[in-house]
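Asks: Starting off with a structure, shown below.
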Amino acid sequence: MGRTIKIGGACLNQIPMDWSNNLQNIKQSIAQARSEGIEILCLPELSITGYGCEDMFLSEWLPEKALLKLQEIVPHTQDIAVAVGLPIRYHERVFNTTCFIANQKILGVYAKQKLANDGVHYEPRWFTPWESGKITDLQIGQEAYPFGHLTIDYLGIKIGFEICEDAWRKDRPACHLINEEVDLLLNPSASHFAFAKADFREHLVISSSETFHCTYLYTNLLGNESGRMIYDGDILIAQEGVLKGKNTRLSFKNFNTLGCTIDFDQPELSEENILPDANGRHEEFTKAASLALFDYLRKSKSKGFVLSLSGGADSSSIAVLVAQAVKNGLSELGFEEFAKKLNLDLKPSDDPKEIVKQLFYTAYQGTKNSSEDTLSSAKGLAESIGARFFHWTIDEEVSAYTRSIETVLERSLDWSTDDIALQNIQARARSPIIWMLANIKKCLLLSTSNRSEGDVGYATMDGDTSGSISPIAAVDKNFILSWLVYAEKELGYTGLHKVNTLSPTAELRPQDRHQTDEDDLMPYAVLVDIEEKAIRDRKSPLEVYARLKGQWPDHVLLKQWITKFFRLWSINQWKRERIAPSFHLDDFNVDPRTWCRFPILSSGFDEELKELQQAP
């Protein structure tokens, strides 16, 4: 008898501790897979609870409830085998597991051995790694089941398991004796999105199938699950070093399935079910950030978005992402499903601009230091995407604050002595009224800080940093500028033409002072170079200089830029601690809740910067 079986995965858009949503997606994906003839289905890591439950994993009640929900899933597995993830509390410790159910019967539970503890992951805080090669019994209800590092024989094939991080380590479970001659390795994962990570992941799956002479099935979570992390929704199937199946990532649907028929005795080493997908940083950013905004909106149960649209690069990029979220959502879901997922009473239309008009409110908050160029830029962009556009000035509010402090200080404020204070009060004066608009409309206020500004504190706390979510805080300004050109030329956002002709400026000083961001800081390209070496690679000022010397010919100026970066980085950690939550879009991030932790108070690299000044 031949061993030809259709296997598949289902990526799921889950929500931490939302039992109704999560079980509905699980049950519907199982039904969909069964209708497609899939006989073995792999669901993502921790799909019953959601991956992002954080310290709730340490409670007793959460794993207990997850076990009860597991038993609700079992009856839905008639004529199909399903691997489903959940946390299990065993001997007062919590384990990250996947349960293999076949034809309404639990056959065993695999426990994760390698826990992710880098970048955005803190799994050892919540879970205990399982001991390699160890198998015991786990009581579920009245029955005891094999638990631990196990394999399962099903339909004449030997099935092994790895959960996400298990596969990324050298001493991985697949290497161990128990997995010798395994036919199929299942990998349920919760692997966050990052630029170009999908290519690495695909290579891992293909090489794993070749190394272990098996079929390898990988399934990931989908969407913005819990606020910061975005999941691609990858489903990858490889056999003996050949990719057999690959889905389209970053879908707006609740779940997607993908299956491939595999002959385990006579492998047909040709591609079978490969779907088109996003390529390149610009396209990935567009799809990931727009999906993240859509999911954040619906999961926060908000009514829409509010944005202080300055006409500059940062706010304009966010405006386009909102428009793209609507465009992508309507294209994939259709109006009825789009409105249903948002749970909003929207006026029906297939025109994205008509939907944007109902969801998105923008405002240009000018002062006497603002220019006609930025006003025209903001208004033109808003009208081109369909957003509601308001325009008001805040000079009266700024003057009132200024008069009050002048009375207290018994002197007039002047740009020569009070430059930063006079700049900041304009940014802060914009915050209360834009928050008021967001409150009235029951909308999310979008903050406009980018990563480069976060590095050096080039943002006014409680001013332009105000917001519920900061969509671009994980990407640098150079990337934003290049993406805006891409959005105009490739995505057809012609309303960006004016934006793309302007030099970035905060417009907080009088116009005769000709303020630009790069004059205030340094060229953005230099800032990004320094940031990569200093923060991503954790190099000292002297080491940063050694690596950049020659790339930037003026050595004296380079030292000044490096010194400015380290000093501004050090004194502005408190700002990074308070920036609104941001989407994790790159494997490098300065968000202290996800990747980069730094003391709020420190030496400011005093001694190291003195060493830098002595360097030739």
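Asks: Considering the convex hull of the alpha carbon atoms of region 255-385, report its projected area averaged over all viewing directions, in nm², one decimal. Walk me through the numbers before you get to the answer.
Replies: Working: hull surface 44.0 nm².
Projected area, direction-averaged: 11.0 nm².
Asks: What is the dipole size for the chain, taken about its Cα centre, with +1 at each Lys and Arg Cβ and -1 at each Asp and Glu Cβ, in debye to the nearest 20? Please list the in-between numbers first.
Replies: Working: 66 positive and 86 negative charges, 224 e Å.
In total the dipole reaches around 1080 debye.
Asks: By average Cβ neighbour count within 10 Å, what is the ranking of 456-469, 529-542 from highest down?
Replies: 456-469, 529-542
Asks: Give the Rg/Rh ratio for the chain, taking Rg as the radius of gyration of the Cα atoms and Rh as the Kirkwood radius, to two decimals.
Replies: 1.02
Asks: Among 384-390, 135-141, how do they line up by average Cβ neighbours within 10 Å per residue, starting with the highest?
Replies: Values: 384-390: 19.3, 135-141: 14.4.
Going from most to least packed, we get 384-390, 135-141.
Asks: R0 = 35 Å: FRET efficiency of LYS549 with TRP435, Cβ-based, nearest 0.05?
Replies: Working: r = 46 Å, r/R0 = 1.31.
In this case the efficiency is close to 0.15.
Asks: Taking R0 as 22 Å, what FRET efficiency do you get between SER207 and ARG93 from their Cβ-Cβ distance, rounded to the nearest 0.05? Spell out each step's value before the answer.
Replies: On the way: r = 32 Å, r/R0 = 1.48.
The computed FRET efficiency comes out at 0.10.
Asks: Let me ask another. For region 1-121, give the magnitude of the charge dipole about the Cα centre (Cβ charges: +1 Lys/Arg, -1 Asp/Glu; no others), in debye to the nearest 20. The partial results should precede the final answer.
Replies: Values: 11 positive and 12 negative charges, 85 e Å.
That gives region 1-121 a dipole magnitude of about 400 debye.
Asks: Okay, moving on. When the accessible area of the chain is computed with all protein chains present and a 1.4 Å probe, what percentage of it is carbon and sulfur?
Replies: Roughly 49 percent, rounded to a whole number.
Asks: With a probe of 1.4 Å, find how much accessible area the chain has per residue, and write the answer as a whole number in Å².
Replies: Working: 25310 Å² over 616 residues.
Accessible area per residue: 41 Å².
Asks: Turning to a different aspect of this structure: With only Lys, Arg, Asp and Glu charged, each at its Cβ (+1 for the first two, -1 for the last two), find how big the charge dipole of region 491-545 is about the Cα centre; round to the nearest 20 debye. Numbers along the way, then the final one.
Replies: Working: 7 positive and 11 negative charges, 27 e Å.
It comes to approximately 120 debye.
Asks: If you take every DSSP beta bridge fully contained in region 73-232, what fraction is antiparallel? Give it as a percent rounded to 5.
Replies: Around 75 percent antiparallel, to the nearest 5.
Asks: Taking only Cα atoms, what is the 0 to 90° angle, nearest 10, from helix 281-299's long axis to the longest principal axis of the chain?
Replies: Taking the Cα atoms of the chain, the angle to 281-299 is about 80 degrees.
Asks: How far, in nm, would the chain grow between ASP199 and LEU177 when pulled straight, counting 0.36 nm per residue and subtracting the alpha carbon separation?
Replies: Values: separation 22, 0.36 × 22 = 7.92 nm, distance 2.92 nm.
Difference between extended and current length: 5.0 nm.
Asks: Among ALA400, LEU222, ILE178, pick out the residue whose Cα is farthest towards the positive end of the charge dipole of the chain, where Lys and Arg carry +1 and Asp and Glu carry -1 on C-beta, about the Cα centre.
Replies: Comparing the listed Cα positions along the dipole, ALA400 ranks first.
Asks: Still on this model: Along the charge dipole of the chain, which of LEU23, MET522, PHE200 sits closest to the positive end, that is, farthest toward it, with unit charges on the beta carbon of Lys, Arg, Asp and Glu (+1, +1, -1, -1)?
Replies: It is LEU23.
Asks: Given the DSSP H assignment, sum -39500 (n - 2.57) over each helix run of at least 4 residues in the chain and divide by its residue total; what's the result at 222 nm in deg cm²/dmol, nearest 500?
Replies: Theoretical 222 nm ellipticity from helices: -11500 deg cm²/dmol.
Asks: Label GLN71 and GLU332 with points 7 Å out from Cα along Cα→Cβ: what is the distance between them in nm?
Replies: Here the answer is 3.6 nm between the modelled labels.
Asks: Angle between the Cα long axis of helix 197-211 and the longest principal axis of the chain, 0 to 90 degrees, nearest 10?
Replies: 20
Asks: Quick one, can you get me the convex hull of the C-alpha atoms of region 360-461 expressed as volume per residue in Å³?
Replies: Details: hull volume 13.5 nm³, N = 102.
Looking at region 360-461, the number lands at 132 Å³ per residue.
Asks: Could you state the principal axis extents of the C-alpha atoms in region 463-616, from the largest down, to the nearest angstrom?
Replies: 50, 35, 33
Asks: Quick check: pseudo-label points 7 Å beyond the Cα along Cα→Cβ at ASP55 and ASP345, how many nm apart are they?
Replies: Those two pseudo-labels are separated by 4.0 nm.
Asks: Right, another one. Placing +1 on the Cβ of each Lys and Arg and -1 on the Cβ of each Asp and Glu in the chain, which of LEU359, SER416, LEU46 has its Cα farthest towards the positive end of the resulting dipole?
Replies: Going by the charge dipole, the pick is LEU359.
Asks: Hey, rough spin-label estimate for ASP395 and SER482, points 7 angstrom out along Cα→Cβ, what's it come to in nanometres?
Replies: 4.1
Asks: Could you sort 167-176, 496-505, 424-433 so that the peptide with the highest average Cβ count within 10 Å comes first and the rest follow in order?
Replies: Top to bottom by mean Cβ count within 10 Å: 424-433, 496-505, 167-176.
Asks: How large is ³J(HN,Hα), in whole Hz, for each residue of region 23-33 in order, when computed from phi with the Karplus curve 6.51 cos²θ - 1.76 cosθ + 1.60 and θ = phi - 60°, using x for Gly and Pro?
Replies: With the stated coefficients, region 23-33 comes to 6, 4, 4, 5, 5, 5, 5, 5, 4, 5, 4 Hz.
Asks: A follow-up question, please. If one takes the longest principal axis of the Cα atoms in the chain, at what angle in degrees, from 0 to 90 and to the nearest 10, does the Cα axis of helix 555-571 lie?
Replies: Between helix and principal axis, roughly 70 degrees.
Asks: How many angstrom lie between the C-alpha centres of region 321-400 and region 235-297?
Replies: Value for the Cα centre distance between the two parts: 32 Å.
Asks: Please report, in Å, the Rg and the Dmax of region 552-616, where both are computed over Cα atoms only.
Replies: 14.4, 41
Asks: For ARG411 and TRP168, calculate 0.36 nm times their separation in residues minus their Cα-Cα distance, and state this gained length in nm to one decimal. Numbers along the way, then the final one.
Replies: Working: separation 243, 0.36 × 243 = 87.48 nm, distance 6.31 nm.
Going from the current span to full extension adds 81.2 nm.
The values are calculated or read from the model by the stated rules, or taken from the named source; none is laboratory data. Quantities reported herein were computed from a predicted structural model and do not represent experimental measurements. Every residue, glycine among them, receives a Cβ derived from its backbone with ideal geometry; neighbour counts consider all protein chains shown. Protein only, heavy atoms only, side chains kept; ligands, DNA and RNA dropped before computing areas. Shrake-Rupley method; radii C 1.70, N 1.55, O 1.52, S 1.80 Å.
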